[in-house]
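Here the structure is laid out as structure tokens; the discussion comes afterwards.
The values are calculated or read from the model by the stated rules, or taken from the named source; none is laboratory data. Treat the numbers as computed from the prediction; the structure is a model and nothing was measured. Here the Cβ is made from the backbone with ideal geometry for all residues, glycine too, and neighbour counts use every protein chain on show. Note: accessible area is taken over every heavy atom of the protein model, side chains too, but ligands, DNA and RNA are not part of it. Shrake-Rupley method; radii C 1.70, N 1.55, O 1.52, S 1.80 Å.
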Amino acid sequence: MAKPDASVFDGIREKAAQVVARYPQSRSALLPLLHLVQSVEGCVTQGGIAFCAEQLELSTAEVSAVATFYTMYKRRPCGEHLVSVCTNALCATLGGDDIYARLKERLGVGHEETSGEPGAPGSITLEHAECLAACDLGPVLQVNYEYFDNQTPESATELVEALQRGERPAPTRGAPLTDFKQAELQLAGFFDGRDGDLAGPSAAPETVRGARLAAERSWTAPPMPEDVDLPPVPEKK
């Protein structure tokens with residue numbers, strides 16, 4: 001069996017070395033390295049797996065086991081934008097299923113399928129997500145992992161059509177919108193002149209309303225006791 005060609009990653013070898021250097025044990029760098037190779041090809045190919053294995057002195061089987069476990073690592077090239085619609089229980093009840101169905105019809109694709117040529121301007125990969133951890137703002141969707149809260153089928157359709165036109169609407173929270181590959185580069189820890197993105201709003205007013213109300217009314221939680229008697233630990237046999 002021919003060895004996968006990893007030459008496409010020659011331009012990121014220096015970045016890969018920087019990622020590995022962040023960790024006392026090199027194998028701990030695998031997750032960001034997978035994001036780094038995904039920033040090159042828009043997915044994790046066999047070549048990307050071979051590249052990560054080479055950098056970390058792991059077997060390709062060890063790398064493949066991780067790459068196939070996490071849904072953020074794609075096995076087929078993504079579009080310019082990845083649109084993730086939350087269809088978990090609460091969002092689905094509030095309209096997430098309707099949003100996904102509308103976008104599926106509008107784009108003519110299903111889960112993890114791409115409308116347009118992958119990576120080309122205006123191309124979109126659609127997926128349904130199990131939970132995007134924003135139940136207080138549902139139904140929600142993400143574009144390249146940036147949040148668009150309180151969506152409807154109509155607003156989601158308008159958003160997708162804007163992306164197809166080359167526009168980049170502002171997310172409800174988080175950094176200004178970029179493309180999927182640039183988002184993957186950021187997940188690997190490289191912002192390449194976009195350090196200001198970290199200053200974007202990270203919480204919606206609804207999310208922190210309770211904390212602000214407690215501060216305004218001087219509500220505090222009771223202090224933890226200094227000494228707590230813990231239950232005995234069963235003896236191992």
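Laid out as a table, the results:
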item: In the range 139-235, trypsin sites (Lys or Arg not before Pro) in a DSSP loop with at most 13 other beta-carbon atoms within 10 Å; result: ARG165, ARG217
item: Calculated over the range 24-111: convex hull of Cα atoms, volume per residue (Å³); result: 114 Å³
item: Rounded accessible area of TYR145 (nearest 10 Å², 1.4 Å probe); result: 50 Å²
item: Three principal axis lengths of the range 121-196 [C-alpha, angstrom, descending]; result: 34, 28, 21
item: Loop trypsin sites (Lys or Arg not before Pro), the range 1-57 (other Cβ atoms within 10 Å of the site Cβ: 14 or fewer; DSSP); result: ARG22
item: Solvent exposure ordering (accessible area, 1.4 Å, most first) of LEU163, LEU230; result: LEU230, LEU163
item: Cβ-placed point charges (K, R +1; D, E -1), dipole of the chain about Cα centre in debye, nearest 20; result: 280 debye
item: Fluctuation leader among ALA129, ALA199, ALA120 - the chain, Gaussian network, Cα springs under 10 angstrom; result: ALA199
item: Global geometry of the chain, whether rounded, prolate or oblate, following the gyration tensor of its Cα atoms and the 1.5 cut on a/c; result: oblate
item: Cα→Cβ-extended label distance, 7 Å offset, between ALA17 and GLU206, nm; result: 4.9 nm
item: Within a Gaussian network of the chain (alpha carbon springs, distance under 10 Å), most fluctuating of PHE191, PHE51, PHE180; result: PHE191
item: Beta bridges per DSSP with both ends in the chain, % antiparallel, nearest 5; result: 60 percent
item: Difference of contour (0.36 nm per residue) and Cα-Cα distance, CYS131 to ARG76; result: 17.6 nm
item: Computed accessible area, GLU62, all protein chains, 1.4 angstrom probe, square angstrom; result: 80 Å²
item: Cysteines without a disulfide-compatible partner [the chain; Cβ-Cβ under 4.7 Å]; result: CYS43, CYS52, CYS78, CYS131, CYS135
item: Cα-based Rg and Dmax for the range 153-196, where Dmax is the largest Cα-Cα distance (Å); result: 12.2, 35
item: Rounded if a/c under 1.5, otherwise prolate or oblate - the range 64-132, Cα gyration tensor axes; result: oblate
item: Accessible area (Å², 1.4 Å probe, nearest 10) - ASP227; result: 140 Å²
item: Shape metrics for the range 96-237, restricted to C-alpha atoms - Rg then Dmax, Å; result: 21.0, 65
item: Lysine pairs with alpha-carbon atoms under 28 Å apart, the chain, spacing 8 or more or separate chains; result: 8
